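J.: Below you will find the structure I want to go over with you.
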Amino acid sequence: MILRASAFGLTEGALVVRTASFSRRGLIAPAALDTGSTAVPGVEQATQSFLETLFRRGRVDFSQLKPGISAVAHPTVRRKTHYLVEQNGQFHLKRRCFDDGYEDWS
């Protein structure tokens, strides 16, 4: 999927991400805040939401890019689960690891 890189604090260009595609087999829907269920988000909406969370929480490593490409560095976040590389004028988001929430830094 190709998105605007500037929407995530990067310089102008395209942000290329690989998204999961799935077929809906069951009758599972997200819970609503009150009662019942809510609509299942589409792939684009789910991808946008996931990326916003990654960038806001500082989980993206920009160290492989030229300085000044990003306005969002988050130098104090130690565990970077994803990283960006620039190829052919586009930014490609790659996954480094899966964060299971358990932090063992010893």
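J.: Multiply the residue gap between Thr76 and Ala20 by 0.36 nm, knock off their C-alpha separation, and tell me the result in nm, one decimal place.
T.: Answer, rounded to one decimal: 17.2 nm.
J.: So, one more: Please give, to one decimal in nm, the separation of the simple spin-label points placed at Arg96 and Gln64, each 7 Å out from Cα toward the Cβ.
T.: If labels sit at Arg96 and Gln64, their model points lie 1.0 nm apart.
Rule-based calculations on the coordinates, nothing more; no lab input. As the structure is a computational prediction, the values presented were derived from the model and not from experiment. Using ideal geometry, Cβ is built from the backbone for each residue, glycine included, and neighbour counts are taken over all protein chains shown.
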